[in-house]
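I have placed the structure first, in the form of structure tokens, so that the comments after it can refer back to it.
The values are calculated or read from the model by the stated rules, or taken from the named source; none is laboratory data. Note that the structure is a prediction, hence the values are computed from the model and not measured. Positions of Cβ are backbone-derived with ideal geometry, glycine not excepted, and every protein chain shown enters the neighbour counts.
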Amino acid sequence: MGSRRIGFFLFWLLDIWALLYTGKSLFYYVFFIFAVILVMSVLHLILSYFSFSLRTNRSVITAEKNQPFVWKLLPKARNLPVAHARISVTLPDITHKRKPTADYYTSPGFRDTVPVSVEITSPYCGTFPLLVSGIEFSDIFGLWKIKVPPSRYLSQNPVYVSVLPDTSLFLQSELLYDDIVLPVRKTRERAEAVGVREYGRGDSMRSIHWKYSARMGKLHVKEYEIGAKELHLIYLDLTDCRLTGEDAAAAKDYLLCSAASLCRILLKEQVPMTILGYSDTGNGRFSLTNAAQWQGARGYLSRCRFYPDIPSQYKETIANYILSEKSTLTIFSMAVTPGPLSFLTYRAGDYSSVSLCFIPQSGYETEQQRLVHLFADKGIHATLLAPAAPAAQAVPAAAAAPHNTAVPPPDVQARKGAAV
């Protein structure tokens with residue numbers, strides 16, 4: 001566009017020189033044509049600015065992990081056709097590379113709405129922003145362009161997409177599964193023991209009848225009558241991890257999907273549960289008691305926000321849950337220091353009902369192993385989960401070109417999509 005504008009003014013100056021030098025009327029008419037083109041281009045650019053409108057079909061998007069979804073932008077020319085409009089879209093920045101930005105070109109006719117479809121696939125669950133980062137107009141002759149802030153046309157920008165977690169992850173520990181899914185710790189909510197039998201392979205150590213075993217010389221376990229399942233608490237330590245970029249997105253995805261996998265298992269066992277996680281906008285809890293609430297639970301997990309630090313008042317509330325001895329508790333955490341889980345050492349108490357799952361952090365394996373030993377010494381079943389398998393796709397991508405787009409100005413290379 002710059003070279004075209006320079007060429008336009010050079011030819012115009014040449015025509016002015018020829019008119020002054022020769023005085024022929026032909027050069028006067030050429031001068032007049034150049035002036036009309038200049039006025040028309042500026043006038044068209046101004047009218048396009050006021051005629052253009054942009055909206056989106058939704059303010060919140062819900063999508064499945066690793067499944068493509070479409071975000072539609074709806075540009076419209078209300079009073080005058082818009083020759084060339086470029087819409088720049090910034091996708092979630094969860095990559096070590098440059099920020100993924102895609103440019104979409106459109107030319108809406110008089111009172112026409114031309115949908116621009118942005119197709120995206122996210123390999124990580126969570127909530128990510130989709131941002132219209134810029135809008136640019138050029139006139140019909142390609143001489144001028146003007147950049148307009150998106151806030152002039154969009155009241156909702158960015159738009160957030162909530163990518164739901166899947167349940168493909170499984171807690172890679174049989175002992176952890178026994179401790180969480182089949183708790184036998186006696187509480188006021190559980191039935192009384194009705195018998196004793198010899199210890200067998202797979203029995204939980206928590207059910208061992210130590211006095212009877214010492215008297216008989218062999219390990220024996222208590223047998224309980226079938227009673228009502230007790231409430232299970234799942235606490236998400238939403239303290240932000242120390243990783244950045246794609247590594248951070250992958251770690252958060254692992255935490256949310258691990259929690260979703262456990263919820264799915266407990267749901268099949270008909271164990272009622274409550275998911276707890278700090279939130280500065282709500283009560284930070286979701287009760288999951290039947291299969292009808294499963295989609296709501298996935299939505300709650302996908303919208304969980306991570307914080308640099310969790311208030312001590314909230315940690316005190318979680319500690320009270322533990323010490324009340326009314327529920328078993330499973331904690332998912334990305335911690336590499338004891339600070340985020342300090343509530344587990346507030347007061348002396350029975351922590352045998354607590355299971356602690358650490359999400360592996362690349363580069364902090366030694367620190368996390370120390371945490372496992374630290375909390376294990378306090379009677380908490382702590383484990384460091386195995387690293388997650390590599391994702392099929394590394395990062396989100398905008399793979400589809402907008403529909404019904406016009407050809408951009410000749411000096412602009414149109415990009416139909418941007419791999420994030």
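All told, E189 falls short of being modelled with pLDDT under 70, of a type in the set (D, E), on the phi < 0 side of the Ramachandran plot and surrounded by fewer than 12 Cβ atoms within 10 Å (Cβ to Cβ).
Conditions tested, residue by residue: (1) assigned by TED's automatic domain parsing to the domain that holds Y321; (2) in a loop (DSSP other than H, G, I, E, B); (3) in contact with a strand residue (DSSP E or B) (Cβ under 8 Å, 6 or more places away or on another chain); (4) not hydrophobic (A, V, I, L, M, F, W, C).
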residue: Y212; (1), (2), (3), (4): no, no, yes, yes
residue: R215; (1), (2), (3), (4): no, no, no, yes
residue: S258; (1), (2), (3), (4): yes, no, yes, yes
residue: Q270; (1), (2), (3), (4): yes, yes, no, yes
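Taking every residue in region 127-140 that is over 16 Å from I87 (Cα atoms) and pairing it with any residue that is basic (K, R) and buried (at least 17 other Cβ atoms within 10 Å of the Cβ), at least 6 positions away or on another chain, the pairs with Cβ-Cβ distances below 9 Å are T127/R303. Counting only strands (runs of 3 or more DSSP E) that fall entirely inside region 26-112 and contain at least 3 residues that are within 19 Å of L143 (Cα to Cα) and either among the hydrophobic types (A, V, I, L, M, F, W, C) or in the same structural domain as S155 (by TED's automatic domain parsing) (or both), the qualifying elements are 84-90.
With the requirement that a residue be in contact with a strand residue (DSSP E or B) (Cβ under 8 Å, 6 or more places away or on another chain), surrounded by 14 or more Cβ atoms within 10 Å (Cβ to Cβ) and not hydrophobic (A, V, I, L, M, F, W, C), what does region 42-67 give you?
Result: S48, Y49, S51, S53, R55, T56, T62, E64, K65, N66.
Here G200 does not fit the description of being surrounded by fewer than 14 Cβ atoms within 10 Å (Cβ to Cβ), assigned by TED's automatic domain parsing to the domain that holds A376 and either among the β-branched types (V, I, T) or at pLDDT below 85 (or both).
Count, please, the residues in region 161-174 that happen to be surrounded by fewer than 18 Cβ atoms within 10 Å (Cβ to Cβ) and modelled with pLDDT of 90 or more. Spell out the reasoning first.
Residues of region 161-174 surrounded by fewer than 18 Cβ atoms within 10 Å (Cβ to Cβ): 167-168, 170, 172-174.
Filter again for modelled with pLDDT of 90 or more, leaving none.
Result for region 161-174: 0.
Kindly indicate whether V132 is of a type in the set (A, V, I, L, M), closer than 19 Å to S51 by Cβ and assigned to a strand (DSSP E or B). Here the answer is yes, as V132 does meet what is asked. Here region 1-25 is the region considered, the condition is being farther than 30 Å from E136 by Cα and β-branched (V, I, T), and the residue that is surrounded by the fewest Cβ atoms within 10 Å (Cβ to Cβ) is T22.
Every residue, every condition in (1) aliphatic (A, V, I, L, M); (2) surrounded by 14 or more Cβ atoms within 10 Å (Cβ to Cβ); (3) at negative phi, yes or no:
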position	(1), (2), (3)
A259	yes, yes, yes
M273	yes, yes, yes
N283	no, no, yes
N290	no, no, yes
Q293	no, yes, yes
G296	no, no, yes
I310	yes, yes, yes
Y314	no, yes, yes
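Consider region 80-112 and keep the residues that are modelled with pLDDT under 80 and surrounded by fewer than 22 Cβ atoms within 10 Å (Cβ to Cβ). The one that is nearest to the chain's Cα centre (by Cα) is D93. Restricting to region 29-41, and then to whatever is surrounded by 14 or more Cβ atoms within 10 Å (Cβ to Cβ) and not aliphatic (A, V, I, L, M), can you tell me which residue is farthest from S162 (Cα to Cα)? By that ranking, first place goes to F31.
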